[in-house]
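Undergrad: Questions regarding the structure given below will be posed in turn.
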Amino acid sequence: MSTIHPAQITKVLPDSIAAEIGFEVGDAIVSINSTQPRDLIDYQFLCADEILELEVLDRSGTTHHIEIEKDYDQDLGLEFATALFDGLIQCNNRCPFCFIDQQPPGKRDSLYFKDDDYRLSFLYGSYLTLTNLSEREWQRIEQMRLSPLFVSVHATEPEIRIRLLKNQRAGKILKQIKWFQDRRLQIHAQVVVCPGINDGQHLEQTLKDLASFHTGEIPAVASVAVVPVGLTRFRPQEDELIPVTREKAQEVISQVQTISQKFRQKFGSGFAWLADEWFLIAGEELPSEAEYEEYPQIDNGVGSIRLFIKQFTSTAAELLPPKIDQPQKLTWVVGNAVEKAFQPILKQLNAVENLEINMQALSSNYWGQKISVTGLITGHDLLLNLQDQDLGKGILLPQIMLKHGELVFLDDMTVAEVATKLNTKIFPISGIEELINTCIS
């Protein structure tokens, strides 16, 4: 069993119960009502009570016992260094397409850490395989009703899934989904298509098997995302993987759209969704907005471009002025996968008098890719492509290129390093409002 560490506080929200009591950054919660929380799920569950007895360790290492009376479900107003106080559940699969194994050696340790943790799946929508769960974890999912979870299925035929995950336990996936169905719990599934292994008839079988669980009031499988395998030049030589070609992308689009059409007639929903990348690789138009329904797989890149354009248009109508007082020139860096799709946005920004936005749509030399999504562009790629260019007042940099919560690219270069080498300012941008406000301020 992993050791449970006190939950270290990194933020105390203003005007919260915690701020009123005098909690400070660096304090840590040891227990709530005599129970040590293993993770954020336990913390939220324990804090729902009206009377809380907290054991707290302050920054100097002194223990305090605090009693709090509050409304049921009222939040204390604390944020923590990590969501898991007892460490990550590590992954014991050896999937050949795992991004962790497709990185160069010698970077920071955290880049090579493989997790397969159901708690991160429940809290943040990250994908897990279900092969690493102990009996105790299955019981906890059931008792705490941790649903929906996000599951990497890849294939439902046991021998194909075992071949992909390199793990004998991977063949139990249909039994495991049945377990969710019996308990009225849900999953969202993803299938990473590896040409020659789980495509063609195997992909069709997987989608049909998953659709058989899309029944009843609470369908055990709520939706499926079909995603192309992403390969980098650092991948192991013996991985038996083939990159997705333009022809293969066109074939998968046609196959999944045909199957999805049948699902639409049967369920009133498309159920299986193609990630935007398929259309970018195939050089085809993205589906219309209506086809994405409620965007059930948005975090998997399904419909994210359409949604971004839609949200940009409505936000721009409110925030974008016809003209700005001072002339302003900026460079917007994106992955070349979205170059064509983002032209309407670029046109709207450049329609503002005195504003000039130049888009630099890059592919990633660092990963060795011809077509790159924005999130994979690295500091190396910026230096390679933007040296000696007129970048104007600076670079608009989508935050998706940076490690979560840090100003560091995936290749370990920092934003400050790249800004110094390019002799320019870099404006990390998260979201549409920030993009527009930075352009016009």
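Undergrad: Quick one: which residues, 5 or more positions from T156 or on another chain, have an amide H under 5 Å from its amide H? H modelled 1.01 Å from N in the peptide plane, none for Pro or chain starts.
TA: Amide H to amide H, under 5 Å and 5 or more residues apart or across chains, T156 pairs with T206.
Undergrad: What label, among [x] 29.1; [y] 24.1; [z] 20.3, belongs to mean projected area of the Cα convex hull in nm² computed from the structure on display?
TA: Matching the structure shown: [y].
Undergrad: Just list whichever of K208/K262; K393/K421; K262/K310 have alpha carbons separated by over 18 Å in the model shown.
TA: Pairs exceeding the cut-off: K262/K310.
Undergrad: Here's something else I'd like to know. Send over the semi-axes of the range 260-360's equivalent ellipsoid, whole angstrom and largest first, taken as the square roots of 5 times the C-alpha gyration tensor eigenvalues. Mind showing how you got there, number by number?
TA: Details: eigenvalues 214, 47, 16 Å².
Semi-axes from the Cα gyration tensor: 33, 15, 9 Å.
Undergrad: Put +1 on the Cβ of every Lys and Arg and -1 on every Asp and Glu Cβ in the chain; which of A83, N33, L57 then has its Cα farthest towards the positive end of the dipole?
TA: Looking along the dipole axis, the top candidate is A83.
Undergrad: Using only the alpha-carbon atoms of the range 375-423, report the extent along each of the three principal axes, biggest first, to the nearest angstrom.
TA: 29, 18, 17
Undergrad: Give the peptides 352-361, 49-58 in descending order of average Cβ contacts within 10 Å, highest first.
TA: On the way: 352-361: 17.0, 49-58: 15.2.
Highest to lowest by the protection proxy: 352-361, 49-58.
Undergrad: Search the structure for amide H atoms under 5 Å from the amide H of M413, placed 1.01 Å from N in the peptide plane, and list their residues when 5 or more places away or on another chain.
TA: G379
Undergrad: Now for a different question. At 222 nm, what helix-only mean residue ellipticity would the chain give, in deg cm²/dmol to the nearest 500, using -39500 (n - 2.57) for each DSSP H run of four or more? Mind showing how you got there, number by number?
TA: Details: 14 runs with 136 residues, N = 441.
The per-residue figure over the chain is -9000 deg cm²/dmol.
Undergrad: Restricting to bridges with both residues inside the chain, how much of the DSSP beta-bridge set is antiparallel, in percent to the nearest 5?
TA: For the chain, the DSSP antiparallel bridge percentage is about 40.
Undergrad: Over all alpha-carbon pairs of the range 1-89, lay out the pair-distance distribution in 10 Å bins, whole %, shortest bin first.
TA: With 10 Å bins starting at 0, P(r) equals 18, 56, 24, 2.
Undergrad: Another question, if that's okay. Whose amide H sits under 5 Å from the amide H of V151, counting only residues 5 or more places off or on another chain, with H placed in the peptide plane?
TA: Close amide H contacts, sequence-distant or interchain: L128, H188, A189, Q190.
Undergrad: Normalise the Debye intensity by I(0) for the range 218-311, one equal point scatterer per Cα, no solvent, then take log10 at q = 0.12, 0.13, 0.19 Å⁻¹ and round to two decimals.
TA: Relative scattering, expressed as log10 I(q)/I(0), comes to -0.42, -0.49, -0.94.
Undergrad: Return an integer: the convex hull volume of the alpha-carbon atoms of the range 165-247, in Å³ per residue.
TA: 114
Undergrad: For a quick protection proxy, order the peptides 217-225, 399-407 by their average other-Cβ count within 10 Å, most packed first. Walk me through the intermediate numbers first.
TA: On the way: 217-225: 20.2, 399-407: 14.4.
By packing density, highest mean first, the sequence is 217-225, 399-407.
Undergrad: Order the peptides 145-155, 206-216 from the highest to the lowest mean number of other Cβ atoms within 10 Å of their residues.
TA: My ranking of the peptides, most packed first, is 145-155, 206-216.
Undergrad: Moving on. Evaluate the distance, in nm, between pseudo-label points positioned 7 Å from the Cα of K166 and of D15 along their respective Cα→Cβ axes.
TA: Placing both labels 7 Å along Cα→Cβ, they lie 5.3 nm apart.
Undergrad: Could you work out the relative contact order of the chain, using alpha carbon pairs under 8 angstrom and six or more residues apart, expressed as a whole percent?
TA: So the answer I get is 9 percent.
Undergrad: Right, another one. Between R264 and K175, what is 0.36 nm times their sequence separation minus the Cα-Cα distance? Round to one decimal in nm.
TA: That works out to 29.5 nm of additional length.
Each value in this text was obtained by applying a stated rule to the coordinates, not by laboratory testing. From a predicted model like this one, the values you see are computed outputs, not experimental measurements. As a convention, Cβ positions derive from the backbone with ideal geometry for all residues, glycine included, and neighbour counts pool all protein chains shown.
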